[in-house]
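The values are calculated or read from the model by the stated rules, or taken from the named source; none is laboratory data. A quick note: this is a predicted structure, and the numbers were derived from the prediction, not measured. With ideal geometry, Cβ positions are generated from the backbone for all residues, glycine too; neighbour counts draw on all protein chains shown. All accessible areas refer to the heavy atoms of the entire protein, side chains included, with ligands and DNA or RNA removed. Shrake-Rupley method; radii C 1.70, N 1.55, O 1.52, S 1.80 Å.
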Amino acid sequence: MNFVKKDGRLLEQLKQSLLTVKELVASLSEDELNHRYASNKWSVKEILVHIIDDERIYAYRALAFGRNDKTNLPGFEENEYTQYADTHLRSIENIMIEYQAVRMATITLFDGFSEDALSRIGTANDNKTSVSALGYHILGYELHHIHIIKERYLT
């Protein structure tokens, strides 16, 4: 059963999450944005860029599977992506411009999928998934990381 077009939950939740993240980030100081709760953990800014990277990759997977691409798409190494993102050189304003642009592109992508496209299955990193499930991954993964920020970085 597909929930994206049927009741619009995913699209509305992606829009709401965009507002929630922007509000959270606006409430944080520069020290909070650069804070690491342990030496081997990412900063809040690095988590935000990681969320952006993950969303881009999963949206690409959704595009490929929605267009019936049967290629087994590769996985990605999140720690290497973060290591080479040069987040420390970026302002939070720059990161948030990218975040909003990626989110709006994701919303537009999923809004344009037909019911058939949303139900298509593809393989990424040797795991089968539907286009619709990829959209929910994007949302859920972001919510997971925002919860971690609130629980471990802001207490």
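Things to note:
- Condition broken by residue 24, with the remaining ones in (1) open to solvent by less than 70 Å² (accessible area, probe 1.4 Å); (2) touching a residue at least 24 places away in the same chain (Cβ under 8 Å); (3) within 23 Å of residue 79 (Cβ to Cβ) satisfied: (3)
- Region 82-117: number of residues that are under 27 Å from residue 10 (Cβ atoms), over 14 Å from the mean Cα position of the chain (by Cα) and among the aromatic types (Phe, Trp, Tyr): 1
- Summed over region 125-138, the residues that are out of contact with any Ser or Thr (no Cβ under 9 Å at 6 or more places or on another chain) and open to solvent by 10 Å² or more (accessible area, probe 1.4 Å) give a count of 6.
- Among the residues listed as 55, 93, the single one being acidic (Asp, Glu) and surrounded by 15 or more Cβ atoms within 10 Å (Cβ to Cβ): 55
Residue-wise test of (1) modelled with pLDDT of 95 or more; (2) touching a helix residue (DSSP H, G or I) at 6+ places or on another chain (Cβ under 9 Å).
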| position | (1), (2) |
| --- | --- |
| 24 | yes, yes |
| 37 | no, yes |
| 45 | yes, yes |
| 56 | yes, yes |
| 65 | yes, yes |
| 72 | yes, no |
| 82 | yes, yes |
| 85 | yes, yes |
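- Residue 115, sole failed condition from (1) at pLDDT 95 or above; (2) touching a helix residue (DSSP H, G or I) at 6+ places or on another chain (Cβ under 9 Å): (1)
- Residue list for region 127-155, filter: of a type in the set (Lys, Arg) and more than 19 Å from residue 44 (Cβ to Cβ): 128
- Qualifying residue in region 96-118 (condition: open to solvent by less than 30 Å² (accessible area, probe 1.4 Å) and small (Gly, Ala, Ser)): yes
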